[in-house]
Amino acid sequence: MHIFRSLRYRNFKLFFYGQSISLIGTWMQKTAVSWLVYRLTGSAVLLGVVGFASLIPSLVLSPLAGSYIERRNRYRVLVTTQVASMLQAGALALLIYFRIYNIPIIVLLSLIQGIINAFDVTCRQSLLMEMVEDKDDLPNAIALNSSMANFARIAGPAGAGIILSTLGEDFCFFSNFLSYVPVLLCLFMMRLQLPPVSSKDTSIWNELQEGFKYVSGDRQLSSMIAMIGISSLFVIPFNTLIPIFAKDLFNGTAKTFSWFESMAGVGSIASAIYLANLKHGKSMISVMTVATVIFGSSLLLLACSSSLPMALLFMGLSGVGMMAQTSAINTYIQTHAAPAMRSRAISYYVMAYQGIIPVGSLLAGYMAQIWGARATVFVEGTIGLTAIAAFVWFKNRANNRNTLLAQP
């Protein structure tokens with residue numbers, strides 16, 4: 001089928017299947033951690049703190065990770081990060097199994113996972129190019145990779161909601177630990193032909209400077225990274241407040257929370273299917289623009305929803321917009337960055353996406369304490385729409401200026 005054309009490549013197929021299982025476990029753990037922290041503390045701020053700890057390392061370490069990965073065998077780096085993630089998941093599982101409900105330790109383990117992810121995500125994204133032999137299929141591979149992640153976003157929270165109410169929280173954490181086994185097996189079965197890693201005379205610091213100059217000097221790359229940065233700071237962190245919507249605003253349980261997360265996943269998969277079917281050459285800037293409008297509008301409607309079915313519907317639409325926005329920007333960067341700069345360009349995308357989200361999570365939690373969850377989500381949607389309006393205005397202005405300069 002056209003939509004699954006990237007799966008004809010053996011390495012990508014193994015990567016796809018292994019990560020599909022692991023990410024389900026990851027989302028089960030993520031859902032369980034959020035519910036556990038809010039159940040124990042009832043604090044929106046602590047929800048933001050946990051999100052902050054798990055993602056803030058990407059803000060600091062992602063550019064360093066991009067330069068480090070270019071100096072190493074990326075396959076070996078990926079195996080190392082997956083093993084480290086498995087050990088972190090095992091430690092968290094044991095903590096919950098023995099009923100050691102210590103919030104500082106949970107935050108510390110979340111921080112450790114964030115440090116691992118700063119290298120793991122950058123490495124995985126830069127390896128996608130090597131797994132797909134025909135580079136015209138790279139956008140399809142990125143879309144399938146996103147659909148895989150968002151299917152896990154449905155199955156993980158849905159499974160977690162059932163397990164939390166039947167088998168208990170510790171089972172969610174042990175499931176995530178075991179989910180790394182198929183990932184490692186698939187990695188060991190891959191046969192990647194990576195170019196040899198050449199020794200470099202320049203220091204990592206000089207490479208960091210080169211990467212920054214390259215990204216900041218390319219107007220299109222820098223504007224796309226700026227857009228994902230704004231969205232990560234002010235819009236995407238609305239997810240932090242979903243436990244409040246589920247438990248307080250709609251008087252729900254852990255299962256209600258899983259419905260919200262699953263609906264966002266459903267929307268994301270619908271968006272991924274659309275992106276996977278796009279023909280090569282489709283403007284990712286146009287896709288990103290439309291997606292951001294959908295994302296911001298859905299948050300305004302979610303904030304105003306008075307019934308659970310309507311809230312779930314708009315949660316699904318938010319998944320459509322968020323997934324299409326992030327995937328379009330990711331695809332643009334991977335297909336437009338110079339090969340020698342790809343890992344470093346991707347690292348800035350990871351920094352602006354995952355690295356800034358924790359700051360936004362803290363901000364969202366603080367705002368929710370003052371204004372309430374509904375008002376906070378409404379403001380976030382408004383900021384998203386304002387940002388894309390400014391992006392379009394500046395882009396049209398630049399195009400008009402270039403047209404005038406080109407005239408004799």
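The values are calculated or read from the model by the stated rules, or taken from the named source; none is laboratory data. In this text, all values refer to a predicted model and were calculated from it rather than measured experimentally. Ideal geometry is used to build each Cβ from the backbone, glycine not excepted, and the neighbour counts take in all protein chains shown. Heads up: the accessible areas ignore ligands, DNA and RNA and are worked out on the full protein's heavy atoms, side chains in. Shrake-Rupley method; radii C 1.70, N 1.55, O 1.52, S 1.80 Å.
How many lysine pairs are close in the chain, with Cα atoms under 24 Å apart and the two 8 or more places apart or on different chains?
Pairs that pass both the separation and distance tests number 11.
Expressed as a whole percentage, what fraction of the accessible surface of the chain belongs to carbon and sulfur atoms when a 1.4 Å probe is rolled over the protein heavy atoms?
Percent of accessible area from carbon and sulfur atoms in the chain: 66.
Checking understanding here: applying a Kyte-Doolittle mean of at least -0.5 and a length along the axis of at least 27 Å (C-alpha), which whole DSSP H helices in the chain pass?
Qualifying helices: 10-41, 44-70, 74-97, 103-131, 138-166, 169-189, 254-276, 284-304, 308-336, 373-406.
Diagonalise the Cα gyration tensor of the chain and give the resulting equivalent ellipsoid semi-axes, square root of 5 times each eigenvalue, largest first, whole Å.
Result for the chain: semi-axes of 32, 27, 20 Å.
Rounded, prolate or oblate: which one fits segment 224-366, using the alpha carbon gyration tensor with axes a ≥ b ≥ c (rounded when a/c is under 1.5, else prolate when a/b beats b/c, else oblate)?
Since a/c reaches 1.5 and a/b is larger than b/c, the shape of segment 224-366 is classed as prolate.
Can you pull the three principal axis extents for the Cα set of segment 312-391, in Å, largest first?
Here the spans come out as 47, 25, 25 Å, largest first.
So if R0 is 45 Å, what FRET efficiency would R397 and E210 give, r being the distance between their Cβ atoms, rounded to the nearest 0.05?
Approximately 0.95, to the nearest 0.05.
Using a 1.4 Å probe, what is the accessible area per residue for the chain, in Å²?
Result: 42 Å² of accessible area for each residue.
In deg cm²/dmol and to the nearest 500, what is the mean residue ellipticity at 222 nm of the chain if only DSSP H runs of at least 4 residues count, each as -39500 (n - 2.57), divided by the residue total?
So the helix-based figure for the chain works out to -28000 deg cm²/dmol.
For the pair F98 and S283, what calculated FRET efficiency results from E = 1/(1 + (r/R0)^6), where r is the Cβ-Cβ distance and R0 = 51 Å, to the nearest 0.05?
Efficiency computed from Cβ-Cβ geometry: 0.45.
Suppose we keep just the alpha-carbon trace of segment 1-158; what are its Rg and Dmax in angstrom?
Reported Rg and Dmax, both Å: 17.0, 51.
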